[in-house]
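Please treat every number below as a calculation from the coordinates, not as lab data. Keep in mind that what you see is a predicted model, and the values were worked out from it rather than measured. Counting neighbours? That spans all protein chains shown, and the Cβs are built from the backbone with ideal geometry, glycine included.
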Amino acid sequence: MISPETSAAADMAEDTAAAWADLPTPERLPVRTMLEEFETVNVLAPLVRCSKLPFRHLVSLYETHITHTPMILAEEFSRSQQARVSDLSTSSDERGVFWMEPRRHPPRVEPGALGALEALRISDERDADDPRPPSYPPPTTVRVTKTLHDTRPTSRLPPTPTPPTQNSRLVRGALLAQMASPNGPSLADAAELIAPHIDGLDINCGCPQRWAYAEGIGCALLRKPELVADMVRCVHDRMGWEWPVSIKIRVDPDLRRTEQLVRTALAAGVSHITVHGRTRHQASTDPVSLDKLAFAVECVRGEVPTVANGDLWDLEDAHKMRRECGVHGVMAARGLLANPALFAGYDRTPVHAVENFVNLGLDYGFIFSLFHRHLAYMLESHFVKPEKTYFNALSSSVQVVEYLQTRGLDFGARRKVPMWDARRGYSLL
Ligand SMILES: Cc1cc2nc3c(=O)[nH]c(=O)nc-3n(C[C@H](O)[C@H](O)[C@H](O)COP(=O)(O)O)c2cc1C
């Protein structure tokens, strides 16, 4: 016999499922269009060893609209099947589905936000030669109709069945592959191979490590604007000129170099530009320079969207960055490692994010050292010192899961939910 409670619960589940039934198909937009058309676009940075599938899926549950793979070495990727297997795993459900608010006006630096910007302006001569106004022109929306991105259907659903406002649009998130290459042809080869699985390619012009510099990749490209432009053109020649190619750069201590790099890349047809507001020689403990970031954004003159990166630890940092740099999107790296739900407004990792990560990690499969390291980053603010020491000494996934269970985490509960809930990403069945 069905008890009144059971039947009430079944009715409620049916009502809730019905609420999700009429959702429109999420729009699939090129990253450039997402950045241009929506107010608040949040990005997960490329992170060697860390921005892999389970972590990308996790942050996409918490208002992170665009994610990046870790830096992939283009030559290796083309040459070796083993490299391809280890560098890229993806799933049709890793991209989130979001309600996004259309932009009301182009991004702009709020008056008075950056007192120091005047001092950084390196030359006014540029404006004399350039017929365009120095202020941001309204963004030109380029609707790319022929992209090669993943068109497989997704079963993901947005966080709520009803749009938060009457203007909200339902949009599918995007995945960019970040690649490092010392030349254009290798990059084009790798782009061709990876294209069916991703929504665009980002060129790493910011890796500061010595080995990378010696190989002619990463920061070695910051002062080689013609080579960067050649890479962009090579990929476009191979993939079609509309195919999205972006660059991620660091600011240069000599800002004329930044300007030259940005202008040359724009002339080559780059689709958006991400700027990390530290120079090649600055450690990640040095504060990021919002002034230099704003300068780099100003060099772009609104021709393509921009994303700012560096020291983003909470939503207030994100607002500040948008306000003071006039960017279209903001990117976090260490902030998301410490708190994957940062962009959803949590001030530290919520318990459900840990539970979701464990389920995602176990379902997708994640090597123990990375699984363990991610959890250590996420839980750092929850642990006192002896707990950290104990947790860091654990040596298998079973030990980690058992330990977290003793701390009250219930991973199983997240799996015992109806299918529609699973499709929201709260559980993988
Ligand atoms: C563990 C780790 C791995 C990183 N790997 C990459 C990478 O593969 N490609 C890249 O462009 N930057 C990489 N970076 C730099 C970040 O993308 C980001 O630019 C930098 O950490 C500054 O952002 P943050 O202040 O939010 O951490 C890495 C940073 C960290 C901490």
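Miscellaneous remarks
- When peptides 217-229, 274-286, 390-402 are ranked by their average number of other Cβ atoms within 10 Å per residue, the highest-first order is 217-229, 274-286, 390-402.
- Euclidean distance of C-alpha centroids, region 310-346 and region 354-397, integer Å: 23 Å
- Inter-part distance where region 150-220 and region 76-101 are each reduced to a Cα centre, Å: 9 Å
- Report note on the peptides 403-409, 56-62, 344-350: ranked by the mean count of other C-beta atoms within 10 Å, highest first, their order is 56-62, 344-350, 403-409.
- For Ile72, residues with placed amide H under 5 Å, excluding near neighbours: Gln178, Met179, Ala180
- For Glu39, distant residues with modelled amide H under 5 Å away: Glu101, Arg103
- Karplus (6.51, -1.76, 1.60) ³J(HN,Hα), θ = phi - 60°, over region 357-364, in Hz, Gly and Pro reported as x: 5, 4, 5, 5, x, 6, 6, 6
- Structural size metrics of region 31-344, computed from C-alpha coordinates, are Rg and Dmax of 18.3, 53 Å.
- Under the Karplus curve 6.51 cos²θ - 1.76 cosθ + 1.60, θ = phi - 60°, whole-Hz ³J(HN,Hα) for region 173-183, x wherever Gly or Pro sits: x, 10, 10, 10, 8, 9, 10, 10, 8, x, 7
- Taking the convex hull of Cα positions in region 349-426, its mean projected area over all directions (nm²): 5.0 nm²
- Region 65-73 - phi-based ³J(HN,Hα) in whole Hz, Karplus 6.51/-1.76/1.60, Gly and Pro as x: 7, 10, 10, 10, 6, x, 4, 10, 7
- The listed peptides 190-198, 360-368, ordered by packing as a protection proxy, come out as 190-198, 360-368 (highest mean of other Cβ atoms within 10 Å first).
- Nonlocal amide H pairs with Val251, under 5 Å, H built at 1.01 Å: His276, Arg278
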